[in-house]
Amino acid sequence: MKKIIFACFVGFFLFSLTASAEGEKDIIKETIEKETKAFLDKDMDAWAGYWLHDDYVSHTMINAFFINQRKSWDTIYVNMRKYFESDKDAPVLKFVGDFDIKVSGKMASVAATQEETMFMFGEDRVFIYDLNYLLKKTDDGWKFVSLTSIVKTSFENTEFMNEFRLNWVGYNFLWKDKIDEAIKVFTLNTEMYPKASNTWDSLAEAYMKKGDNKKAIEFYKKSLELDPKNKNAEKMIEKMKAE
């Protein structure tokens with residue numbers, strides 16, 4: 001009889017632990033979803049409330065072009081405040097698939113996948129992010145310790161990404177005032193992807209920086225033909241014509 005009672009006690013105890021762990025996972029998932037919603041709503045106070053405000057927290061973005069790592073809460077807060085105070089529209093984000101949540105005591109690791117739809121170069125582009133969260137349980141609930149985002153689609157061998165990568169090379173020259181080198185790269189990109197509005201826009205920008213407004217206007221017009229919604233091209237043409 002005692003063995004039966006003991007077995008029942010152990011079974012109930014293990015069931016309670018499992019139920020408790022599953023309950024924590026639900027809370028963690030809800031915390032991540034609420035933090036994301038606060039970000040999309042540009043509610044900085046609410047968003048900041050989901051993070052630990054310590055020196056060891058971090059926010060890292062990794063893609064095929066660069067790694068951007070922000071360490072310490074103060075650094076993260078300053079950088080994020082620029083977004084919250086800007087007029088930039090919030091991105092269109094949604095989680096896809098299940099959350100892989102592992103809990104050990106007061107720490108939790110979460111892997112998730114997020115999809116972002118962004119209007120770029122005349123059409124909607126979809127980017128896939130692999131996300132990894134580290135959270136810590138406090139008296140005020142689960143708080144973010146770190147977030148690492150890997151832009152998975154930036155590593156894909158697609159026509160759009162190949163064009164985008166080559167354009168990035170051109171801008172690396174342009175930002176260093178190596179204008180002639182930038183023009184060579186942008187010209188190559190227009191030859192490889194002649195129907196891409198962005199390649200002509202970049203080439204026009206390089207010629208404008210060189211002071212050749214005639215060619216710059218020509219290429220901005222070409223970009224506009226391919227993407228009539230390219231407001232930047234319209235603005236630059238008007239600016240140069242007014243000079």
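The values are calculated or read from the model by the stated rules, or taken from the named source; none is laboratory data. Bear in mind that the values here come from a model prediction, so they are computed numbers and not experimental data. Cβ coordinates were reconstructed from backbone atoms using ideal geometry, including for glycine residues, and neighbour counts include every protein chain displayed. Side chains included, ligands, DNA and RNA excluded: accessible areas come from the protein's heavy atoms. Shrake-Rupley method; radii C 1.70, N 1.55, O 1.52, S 1.80 Å.
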Practice item. Report, in whole Å, the centroid distance computed from the Cα atoms of segment 166-222 and segment 75-118. Key: 34
**Study point:** From the C-alpha gyration tensor of segment 198-243, square roots of 5λ in Å
**Key:** 15, 12, 7
Point to revise | Label point at Ile128 placed 7 Å out along Cα→Cβ; residues across segment 99-120 whose backbone nitrogen lies under 17 Å | key: 99-100, 111-118
Review point. Lysines near Lys25 by alpha-carbon distance under 29 Å, same-chain residues fewer than 8 away left out - which ones?
Key: Lys34, Lys37, Lys42, Lys71, Lys94, Lys102, Lys106, Lys136, Lys137, Lys143, Lys152
**Study point:** Mean separation of Cα contacts under 8 Å (6+ apart) over length of the chain, as relative contact order %
**Key:** 12
Revision key, fill the gap. For segment 81-142 (alpha-carbon point model, no solvent) the Debye-based log₁₀ I(q)/I(0) at q = 0.25 Å⁻¹ works out to -1.02
Point to revise | Diffusion coefficient, µm² s⁻¹, Stokes-Einstein with Kirkwood Rh over alpha-carbon pairs of segment 9-158 at 25 °C and 0.890 mPa s | key: 146
Check your understanding: When the helix-only estimate is applied to the chain (DSSP H runs of n ≥ 4, each -39,500 (n - 2.57), divided by the residue count), what is the mean residue ellipticity at 222 nm, nearest 500 deg cm²/dmol?
Key -> -17500 deg cm²/dmol
Check your understanding: Mind ordering 86-92, 35-41 by average Cβ neighbours within 10 Å, highest first?
Key -> 35-41, 86-92
Exercise for review: Hand me the GluC sites (Glu not before Pro) from segment 67-123 located in a DSSP loop with no more than 12 other Cβ atoms within 10 Å, in residue order please.
Suggested key: Glu85
Review point. Trypsin sites (Lys or Arg not before Pro), restricted to segment 128-179: which are DSSP loop and have at most 11 other Cβ atoms within 10 Å?
Key: Lys176
Review point. More than 10 Å apart: what percent of Cα pairs in segment 125-164 qualify?
Key: 75
Check your understanding: Can you give the angle from 0 to 90° between the axis of helix 179-192 and the longest principal axis of the chain, with both taken from C-alpha atoms, to the nearest 10?
Key -> 80
Check your understanding: Got the relative contact order for segment 29-150 handy, in percent, Cα pairs under 8 Å and 6 or more residues apart?
Key -> 23
Check your understanding: Heavy-atom accessible area per residue, the chain, 1.4 Å probe: how many Å²?
Key -> 61
Practice item. First obtain the Kirkwood hydrodynamic radius of segment 98-243 from its Cα pairs, then insert it into the Stokes-Einstein equation at 37 °C and 0.692 mPa s, and state the resulting D in µm² per second as a whole number. Key: 184
